[in-house]
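Beneath this line is the structure, given in structure tokens, with notes to follow.
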């Protein structure tokens, strides 16, 4: 007997520490012990946090600390710049930039595989889960710290914009119609 997909609905938990922002919207949990990926036997795969249904479309939602990680890297950047070998400086900076891109691409692609298997394992599936059209991928991250200088904020925003473009270049085709990196407070506003 197939499982009920509704058993995986919960209020989305952004899991970004230190923020008083609460979510009110429900999504279908993909990862974790109670996640869909466990039921479809793809528990060893990377995945996004939630499938969110809006206007009869399924949106892939990943909550991430990318912006905060970038804040931490601002201090590390100075250390990298002080390295004697410019080759090693560039190599390390490139690895750091590619790490987030590759992780998000893997999460989206593995989540797409999980999504496709839902009809095989669940019953009473909303129509949004039966459409195999291109998916929108929201990567939701913490707002920038007020303690940052304007220059550091600008650097992080530039990094996030470049990251979004690099992820989009790898995903936006028949499997993904749009990649959007968005601050948590803006995401909550956008959901209404």
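Key figures for this structure:
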item: Label-point separation in nm, residue 132 to residue 102, each point 7 Å along Cα→Cβ; result: 3.0
item: Distance in nm between pseudo-label sites at residue 154 and residue 44 (7 Å out along the Cβ direction from Cα); result: 4.8
item: Distance from the range 99-127 to the range 137-192 (C-alpha centre basis), Å; result: 21
item: Rough spin-label spacing in nm, given labels placed 7 Å along Cα→Cβ, for residue 19 and residue 57; result: 2.2
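Read-outs throughout are calculated quantities, based only on the coordinates presented, and are distinct from any laboratory measurement. Everything numeric here is computed off the predicted structure, so don't read it as measured data. So basically every Cβ, Gly included, is an ideal-geometry build from the backbone, and we count neighbours across all protein chains shown.
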